[in-house]
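Below is one structure, written out as structure tokens; the observations come after it.
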Amino acid sequence: MRWAKYYLVFVYTCPVLYLIVVFADTFLWMILPDNYNLFVITVNVIANILTLLFDMIMMITFIYYINTRFETTDPRFRIISNYGIVVTCFGILCFLLSALYLCIGFDPFINQLLYCGVLWLFQGIYFVLFGMKVALHFQKMSEAKAKIARLEDALLKVSKDALPSR
């Protein structure tokens with residue numbers, strides 16, 4: 001668990017780095033309009049790499065946690081983790097297709113294919129998140145049914161014990 005302290009440092013510093021990107025973009029646009037494009041591209045590449053790294057770390061953490069403590073975790077957390085892994089994979093694919101979209105060139109057909117791919121992956125993310133909500137609902141319903149079954153069994157036992165014996 002030595003990596004956990006480095007992970008915490010990364011989690012605490014990432015929002016600061018994203019804010020630096022926003023402020024740097026805004027102020028440098030006003031101060032240096034001539035060199036703005038090169039700087040924006042560089043800073044956005046750094047921010048995107050950090051986002052990709054953060055998503056990968058979160059996905060690896062989910063996979064590690066589920067594999068090591070699968071039996072002891074809350075079933076709702078397992079559902080959220082499993083769906084979170086799928087959503088993170090879709091997000092990483094969106095990032096990679098967006099990067100290809102920016103790097104490939106200006107061939108309209110390929111750019112349109114990559115753009116449509118990103119849009120379909122975003123739709124996939126929404127469908128996966130909707131599926132997670134449905135799975136959580138069914139989990140909640142099965143827990144309620146299990147509680148009702150336990151109550152019925154307890155009431156049946158109490159009513160059998162309360163009957164006079166002959």
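Observations, loosely collected:
- Extreme residue, modelled with the highest pLDDT, among residues of the range 60-91 that are open to solvent by less than 40 Å² (accessible area, probe 1.4 Å) and within 10 Å of the chain's Cα centre (by Cα): 87
- Filtering 26, 51 for residues that are at pLDDT 70 or above, out of contact with any strand residue (DSSP E or B) (no Cβ under 7 Å at 6 or more places or on another chain) and among the hydroxyl-bearing types (Ser, Thr, Tyr) leaves a single hit, 51.
- Hits in the range 102-122 (condition: loosely packed, with under 10 Cβ neighbours inside 10 Å and assigned to a helix (DSSP H, G or I)): 103, 108, 109
- From the list 125, 57, the lone residue that is open to solvent by less than 50 Å² (accessible area, probe 1.4 Å), part of a helix (DSSP H, G or I) and in contact with a Gly (Cβ under 8 Å, 6 or more places away or on another chain) is 125.
- Taking the range 128-151 as the range and being open to solvent by 80 Å² or more (accessible area, probe 1.4 Å) and among the aliphatic types (A, V, I, L, M) as the test, the residues that pass are 141, 148, 151.
The values are calculated or read from the model by the stated rules, or taken from the named source; none is laboratory data. Note that the structure is predicted; figures quoted are calculated from it, not measured. Methodologically, a virtual Cβ is constructed for each residue, glycine included, from the backbone with ideal geometry; neighbour enumeration extends over all protein chains shown. To get the accessible areas, we keep the full protein, side chains included, count just its heavy atoms, and leave off ligands, DNA and RNA. Shrake-Rupley method; radii C 1.70, N 1.55, O 1.52, S 1.80 Å.
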